[in-house]
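J.: Mind looking over this structure? Questions follow.
The values are calculated or read from the model by the stated rules, or taken from the named source; none is laboratory data. Everything numeric here is computed off the predicted structure, so don't read it as measured data. With ideal geometry, Cβ positions are generated from the backbone for all residues, glycine too; neighbour counts draw on all protein chains shown. SASA here: full protein model, heavy atoms, side chains in, ligands and nucleic acids out. Shrake-Rupley method; radii C 1.70, N 1.55, O 1.52, S 1.80 Å.
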Amino acid sequence: MIRKFTLKTALIFIFGLLFLQAFSQNQPKDKMEWFADAKLGIFIHWGIYSVNGISESWSFFNNYIPYKDYKDQINHFTAKNYDPKYWAELIRQSGAKYSVITTKHHEGVSLWDNRQPGALSIPGHSPAKRDVLTPFIQELKKTGLKTGLYYSLPDWSYNDYDVFTSAIKRYDINKEPARFERFINYYQGQLKELSAQYKPDLIWFDGDWEHTAEEWKAKETRELLQSYNPAIILNSRLKGHGDYATPEQGVPVQQPESQYWELCYTMNDSWGYQPLDKKYKSSNMLIRTLVDCISLGGNLLLDIGPKADGTIPAEQIKILQDLGRWTSKHAEAVYGTRHGIDQKHFDGKSALSKDSKTLFLYLADNPNGLVWLKGIESKIKHIDVVGTKTNLSYVKEGNNFWITVPANVVDKDVTVLRVSFDEPLKLANEVITPVSAGTYLNATHETTMKVLKRLSHDVSNGNNPFAGKGLAVNKYEAIDFIKDAAVKKWITKHAEVLGNGIKGIDGGHFAGPTALSPDKQTLYLFIEGKSNGQVLLKGINNNIARIRIVGEGSIINDYTIYDKLYWSATPGIISIQVPKERLDAHVTVIAVLLDSPVSLFRSEVKPIESNL
């Protein structure tokens, strides 16, 4: 009996250990599932800084204005036209699956009825005289969206916090540890209030750079939050005790190291409401930014900054509505997707379904009827256009596929093709194009667009068929053998790049083929088809000397650099507006002259730890 009992107990114990091990291994993945599926969240920066429309907290921290003047804004924060139900519904209609709102920024003014001694709050110190956080959280939860709370670890207004401004520290925590301990109790007390009252799904920390994990008591803080919600998700800004990375104001060029990540991003250059900041990105650019994040396996947390009266600027409402149109139409290609395939297989953005049996291809431009998908080893069941009932025809060429896309299915922002397989997608390690340049340049059965697509990809991959053949502007003997008049005309027009163009830049910087001049100081961008928005180029460290259209001499002065912070090493996004009347009928080539040989930014984008 004893032996039998002991054996039974041992088996139960072993199975119990195995269960617990499996549970502990699966728990982080399981709790992150909704986050990985969400793809789009809306950030809200709302606070007293919206009264004068100035930089949140940093304007007094960096001594742009006296602290007294900054703090005086609280006396004019009314929230008189605040409609939390409208906010929540607008966010839901944008296609977002969660929202993160500032409960308090670095200056320490809380939106809720903060009960901690010495706390500044909207209910207690502003003419609004009410808790403005609770109504929004209540309305947000009614929509079914997940709740995220932004919380600044520093509190530059609180007397027992050591840092006051960039030039003034109140005390040394090593000399007055009891004082700093009072602050720790204060901020953890606020987190207890937020956790008990709002039951958040996510806490979005900020400001952890001012102290070490030990000084913040980061481990204890994580455990505190988990005691309220074991499945709570924390961002990376808790000194190594978070669940996902938060690149800021810089769209990644390549997939971040973290399995889970989220780009926090502004519509213009400001987090909070700043009426003088008119540098809004277009809806098209922001939809393409969302696609960038989806294709790299991450989320976009897009920011809005309401006014002090509680209304949302019209420009921001329009962008959210435009996002909603696109996400609603293309929901299958947004939510629950995972990162896409390498650009060598498709010159654009892509994503996969969770089971890898569906490949989504995102077309930022009208492709002139033709899309090239390469190195696909799995058998294709069918191809259709997401958001329509249109099935597409395609031609197999080895393990490459030519997909025909009629003009009437093209979306005004980003068209999405769905490629369905019977099995998880298998890709060839090496992409081989079975047709040689000598063959396709003189093929009588190929369309002009297909020939030029092959040619631009060959040049981009370093296989320029005209290299060393003497082709140059005003010197065209090298193409005498070409019979197709349209192909010959296009090559003549673009002899500058085809005569001496070398292999282009790595994938991720531009969604299409590229080439470089031999000195690598001119970058050529091939725009296949008709551009229906901006031409976007990212991750270029160089300054731009000039941009022009190859073959016709037109100079393009209409370009804007977004997200370039002068103190940051992260380059911005170059948005080039190409006049539609100057687009080539087949493939337009843009020459970007740089101030030095091309230098590419391929590092991981990090959180911004200062705001000068």
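J.: Could you tell me the convex hull volume per residue, in Å³, taken over the Cα atoms of segment 53-121? Numbers along the way, then the final one.
T.: Numbers: hull volume 9.0 nm³, N = 69.
Cα-based convex hull of segment 53-121, divided per residue, equals 131 Å³.
J.: Going by accessible area, probe 1.4 Å, with all protein chains left in place, what is the ranking of GLU315, GLU377, largest first?
T.: GLU377, GLU315
J.: Of ILE561, GLN259, ASN235, which is farthest towards the positive pole of the chain's charge dipole, taken about the Cα centre with +1 and -1 on the beta-carbons of Lys, Arg and Asp, Glu respectively?
T.: Of the candidates, GLN259 comes out farthest on the positive side.
J.: Over the alpha-carbon set of segment 368-455, work out the extent along each principal axis and list the three values in angstrom, largest first.
T.: Rounded to whole Å, the extents work out to 40, 30, 20 Å.
J.: Using the Cα centre as the reference, give the magnitude of the dipole from point charges on the C-beta atoms of the chain (Lys, Arg: +1; Asp, Glu: -1; all else neutral), rounded to the nearest 20 debye. Could you put the intermediate results ahead of the total?
T.: Values: 72 positive and 68 negative charges, 255 e Å.
My answer is approximately 1220 debye.
J.: So with the 1.4 Å probe, I'd like the accessible area per residue for the chain, rounded to whole Å². List each step's numbers first, then the result.
T.: Details: 25650 Å² over 612 residues.
In whole numbers, the chain has 42 Å² accessible per residue.
J.: Could you order peptides 324-331, 203-210 by the average number of other Cβ atoms within 10 Å of their residues, highest first?
T.: Working: 324-331: 18.9, 203-210: 21.1.
Final packing ranking: 203-210, 324-331.
J.: Nearest 5 is fine: what % of DSSP beta bridges in the chain come out antiparallel, could you say?
T.: Numbers: 58 of 89 bridges.
The antiparallel proportion sits near 65 percent.
J.: Take each complete run of DSSP H in the chain, measure how far its Cα atoms stretch along the helix's own axis, and keep only those covering 20 Å or more with mean Kyte-Doolittle hydropathy at least -1.0; list them.
T.: Values: long enough: 2-38 (54 Å, 0.24); 177-198 (31 Å, -0.88); 314-329 (23 Å, -0.67).
Span-like helices here: 2-38, 177-198, 314-329.
J.: Sorting check: for 165-178, 446-459, 484-497, 255-268, which peptide has the highest mean count of neighbouring beta carbons within 10 Å, and how do the rest follow? Mind showing how you got there, number by number?
T.: Numbers: 165-178: 11.9, 446-459: 21.7, 484-497: 18.2, 255-268: 20.2.
Top to bottom by mean Cβ count within 10 Å: 446-459, 255-268, 484-497, 165-178.
J.: Could you please state how large a percent of the accessible area of the chain is carbon and sulfur, counting protein chains only and using a 1.4 Å probe?
T.: Working: 13360 of 25650 Å².
After summing per-atom areas, the C and S share lands at 52 percent.
J.: In addition: If we restrict to alpha carbons, what Rg and Dmax does the chain come to, in Å?
T.: 27.6, 100
J.: With no solvent and one point per C-alpha, what does the Debye sum give as log10 I(q)/I(0) for segment 482-612 at q = 0.13, 0.16, 0.19 Å⁻¹?
T.: Treating every Cα as an identical point scatterer, log10 I(q)/I(0) equals -0.56, -0.82, -1.11.
J.: What accessible area, in Å² to the nearest ten, does a 1.4 Å probe give for LEU352?
T.: 20
J.: Whenever you get a sec, line up LYS503, LYS97 from highest to lowest accessible area (probe 1.4 Å, protein heavy atoms). Could the numbers behind the result be given before it?
T.: Details: LYS503 120, LYS97 90 Å².
If we order LYS503, LYS97 from most to least accessible, we get LYS503, LYS97.
J.: Continuing with this model, one more query. If you take the charge dipole of segment 355-470 about its Cα centre, with +1 on Lys and Arg Cβ and -1 on Asp and Glu Cβ, which of THR448, ASN461, PHE401 is farthest toward its positive end?
T.: THR448
J.: Quick one: Cα centre-to-centre distance for segment 391-420 and segment 141-206, in angstrom?
T.: Using only Cα atoms, the two centres lie 51 Å from each other.
J.: Say the cut-off is 31 Å between C-alpha atoms; which of LYS85/LYS192; LYS389/LYS450; LYS142/LYS349; LYS68/LYS142 go over it?
T.: On the way: LYS85/LYS192 26 Å; LYS389/LYS450 26 Å; LYS142/LYS349 34 Å; LYS68/LYS142 39 Å.
Going by Cα-Cα distance, LYS142/LYS349; LYS68/LYS142 fall outside the 31 Å limit.
J.: Which residue, chosen from VAL473, GLN138, ILE74, occupies the Cα position most advanced towards the positive end of the dipole of the chain, where the dipole is computed from +1 (Lys, Arg) and -1 (Asp, Glu) charges on Cβ about the Cα centre?
T.: My answer, from the dipole projection, is GLN138.
J.: Could you tell me which of rounded, prolate or oblate describes segment 209-332, using a ≥ b ≥ c as the square roots of the eigenvalues of the alpha-carbon gyration tensor, with rounded for a/c under 1.5 and, failing that, prolate when a/b is larger than b/c and oblate otherwise?
T.: Working: a/c = 2.03, a/b = 1.53, b/c = 1.33.
Prolate is the answer for segment 209-332, as a/c is 1.5 or above and a/b outweighs b/c.
J.: Turning to a different aspect of this structure: Can you sort HIS211, HIS586, HIS76, HIS339 by solvent-accessible area, 1.4 Å probe, largest first? Numbers along the way, then the final one.
T.: On the way: HIS211 15, HIS586 50, HIS76 105, HIS339 80 Å².
Sorted descending by solvent-accessible area, the residues read HIS76, HIS339, HIS586, HIS211.
J.: If you don't mind, there's one more thing I want to ask. Hey, what do the phi angles of segment 358-373 turn into as Karplus ³J(HN,Hα) couplings, whole Hz, using 6.51/-1.76/1.60 and θ = phi - 60°, x for Gly and Pro?
T.: Listing the rounded values in order: 10, 10, 9, 10, 9, 9, 6, 10, 6, x, 6, x, 9, 10, 10, 10 Hz.
J.: What is the Å³ per residue value for the convex hull set by the Cα atoms of segment 106-243? Write out the running numbers ahead of the final one.
T.: Details: hull volume 14.9 nm³, N = 138.
In segment 106-243, the Cα hull volume divided by residue count equals 108 Å³.
J.: So what are the ³J(HN,Hα) numbers for segment 382-391, from phi and the Karplus equation (6.51, -1.76, 1.60; θ = phi - 60°), rounded to whole Hz, Gly and Pro as x?
T.: 6, 10, 9, 9, 5, x, 9, 10, 8, 8
J.: Another question about this same structure. For the ranges 216-225, 281-290, 231-240, what's the packing order if you count other beta-carbon atoms within 10 Å of each residue, average per peptide, and put the highest first?
T.: Working: 216-225: 17.8, 281-290: 21.4, 231-240: 19.9.
Descending mean neighbour count gives 281-290, 231-240, 216-225.
J.: Can you pull the Rg over Rh of segment 387-537, Cα-only, Kirkwood? Provide the component values of the computation, followed by the final result.
T.: Details: Rg = 17.0 Å, Rh = 17.4 Å.
Result: Rg/Rh = 0.98.
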